[in-house]
1. Please name all residue pairs, on different chains or six or more residues apart, with Cβ atoms under 7 Å, provided the first residue is in the range 236-250 and is within 14 Å of Ile265 (Cα to Cα) and the second residue is open to solvent by 30 Å² or more (accessible area, probe 1.4 Å) and of a type in the set (Lys, Arg).
2. Determine whether the range 278-285 contains at least one residue that is hydroxyl-bearing (Ser, Thr, Tyr), more than 20 Å from Val23 (Cα to Cα), open to solvent by 10 Å² or more (accessible area, probe 1.4 Å) and over 14 Å from the mean Cα position of the chain (by Cα).
3. If we keep just the residues of the range 400-419 that are surrounded by fewer than 16 Cβ atoms within 10 Å (Cβ to Cβ) and touching a residue at least 24 places away in the same chain (Cβ under 8 Å), which is farthest from Lys433 (Cα to Cα)?
4. Restricted to the range 420-468, and to residues that are open to solvent by less than 20 Å² (accessible area, probe 1.4 Å) and assigned to a helix (DSSP H, G or I), which residue is modelled with the lowest pLDDT?
5. State whether one or more residues within the range 307-314 are touching a residue at least 40 places away in the same chain (Cβ under 8 Å), open to solvent by less than 10 Å² (accessible area, probe 1.4 Å) and not in a loop (DSSP other than H, G, I, E, B).
6. Scan the range 347-358 and tell me whether some residue there is in a helix (DSSP H, G or I), at pLDDT 80 or above and surrounded by fewer than 17 Cβ atoms within 10 Å (Cβ to Cβ).
7. Return the pair list, or none, for Cβ contacts closer than 9 Å from residues in the range 161-179 that are modelled with pLDDT under 80 to residues that are among the aromatic types (Phe, Trp, Tyr), at least 6 apart or on different chains.
8. State whether the residues of the range 304-326 include one that is more than 30 Å from Tyr42 (Cα to Cα) and of a type outside the set (Phe, Trp, Tyr).
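The values are calculated or read from the model by the stated rules, or taken from the named source; none is laboratory data. Everything quoted here is computed from the prediction, not taken from an experiment. When we count neighbours, we look across all protein chains shown, and the Cβ atoms used for this are built from the backbone with ideal geometry, even at glycine. Only protein heavy atoms, including side chains, enter the accessible area calculation; ligands, DNA and RNA are left aside. Shrake-Rupley method; radii C 1.70, N 1.55, O 1.52, S 1.80 Å.
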Amino acid sequence: MEPAMCKTKLVLSFTGSLLNKAVSFIVFSFLDLFDFLLCMLYKVADFFIEAEWKPCYCSSAKEAITSSGKILVSEQGKSKIVCLTSSKLHLEEISDTLYTRPSLVSEASKQTVNELKRLKVDGNVAQSCERIKKGTVRSTFTVNSTIIEMLQGKIGGQQSHPIPRWSDCDCKFCTCWSSSSRDTLFVKTQGPSAFWTETLFPNFSSASKSTYRLFAIDLLGFGRSPKPTDSLYTVREHLDMIEKSVIEPNKVKSFHIVAHSLGCILALALAVKHPGSVKSLTLLAPPYYPVPKGAQASQYVMRKVAPRRVWPLIAFGASMACWYEHISRTICLLICKNHRVWEFLAKLVTRNRIRTFLLEGFFCHTHNAAWHTLHNIICGTANKLDGYLDAVRNHVKCDVNVFHGEDDELIPVECSYNVQRKIPRARVKVIEKKDHITIVVGRQKTFARELEEIWRSSSGHEPSENHH
């Protein structure tokens, strides 16, 4: 019976996989077209409501340079932006997945676009030669037009769009940062309504609370932190805000870092930037996908995180958020803008039993923040993560602990073992029957004890701070 049962399981598995691929092809073909139509709809809506077109990444790439020479660079498969500040230039990497996400619609139109570009080549060459003769030639770089428009507003020191935008939530919770002109992150110590402060903080022992200063932050663009409309939400911008909001004002000299999911990438970058200050590094479900040799890093990771499949549902949700700029904006319009309604309905249906801090974490952000953070942090750092991990292995002398839920369908357990292969001293603990969220929620008391043990063994009984 066992061989027969095994054969039956293989057949069912193959059939299910084939059906998933077939249905996914149909569904995502429709979504490709639907996103294209939404693009035009939002351009009209933005124009009538805000009296201007909102730049989007459907725009074709174009050659451009500002009058003061302040824009920058796009190379094949990798883009870099020179962002001018008051004192110096910064080179920031922008993920090409923002404007290169192949779909049936884009592939169908590619030949037409290429032909139009080819017809313009002769004229461009002639103009370039003429400029060289006149001695006035400047370097020009191919950059996505959306990035140009966003940076032009940023370099000018002004927001390019109103705060909040018409499709973003305008409640006091989401816009409190703008009314107070705060330019730092919202940092919580023992306050309510946050993923970490609701789960872990109440479960730490009195000894830990008296020994360590505990900080939990809302990342740039999320929760009560600033949500600038002209930000590209790069690693540099996130790290600068963490330093400006936590490390510098609190004069933090040494610290333990605890990070979950996307935050693990920022945690690694922060550890590399402050190698002598990190006492321990605890990562939960780190999204690390080693890129095969010859593969385009950001595109490879995008397909791993968002595989364009309808099943499992969490992969379908990730694919919607990652592949479709305008569909994801619509989701934010329906859910994030109206998060107070959804929170009320959730309490009503569950008779106030649901923990609303989870809704706060998922719903209180702008589309601009979520879209750019997803692409520039998870996808855009694909070619940097190996370097981060190597630096932690060789130069950051701290304990590294990795936790992962056995049933995590968003980020597979293999990602944590990939981290261990790069950092052999890292300890990986797989939690049975837990997923991407329940690795913390539901086991917060146990996890609090685990963290306390990690901190005790790593600190050498020396007080330090803790970032979450």
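1. Close Cβ pairs (under 7 Å, with a partner that is open to solvent by 30 Å² or more (accessible area, probe 1.4 Å) and of a type in the set (Lys, Arg)) amount to Leu239/Lys273.
2. no
3. Looking at residues that are surrounded by fewer than 16 Cβ atoms within 10 Å (Cβ to Cβ) and touching a residue at least 24 places away in the same chain (Cβ under 8 Å), I get Glu409.
4. Only one residue fits best here, namely Ser459.
5. No, because not a single residue in the range 307-314 is touching a residue at least 40 places away in the same chain (Cβ under 8 Å), open to solvent by less than 10 Å² (accessible area, probe 1.4 Å) and not in a loop (DSSP other than H, G, I, E, B).
6. The answer is yes, given that some residue of the range 347-358 is in a helix (DSSP H, G or I), at pLDDT 80 or above and surrounded by fewer than 17 Cβ atoms within 10 Å (Cβ to Cβ).
7. Between residues of the range 161-179 that are modelled with pLDDT under 80 and residues that are among the aromatic types (Phe, Trp, Tyr), the close pairs are Cys176/Phe186; Trp177/Phe186.
8. No, the range 304-326 contains no residue that is more than 30 Å from Tyr42 (Cα to Cα) and of a type outside the set (Phe, Trp, Tyr).
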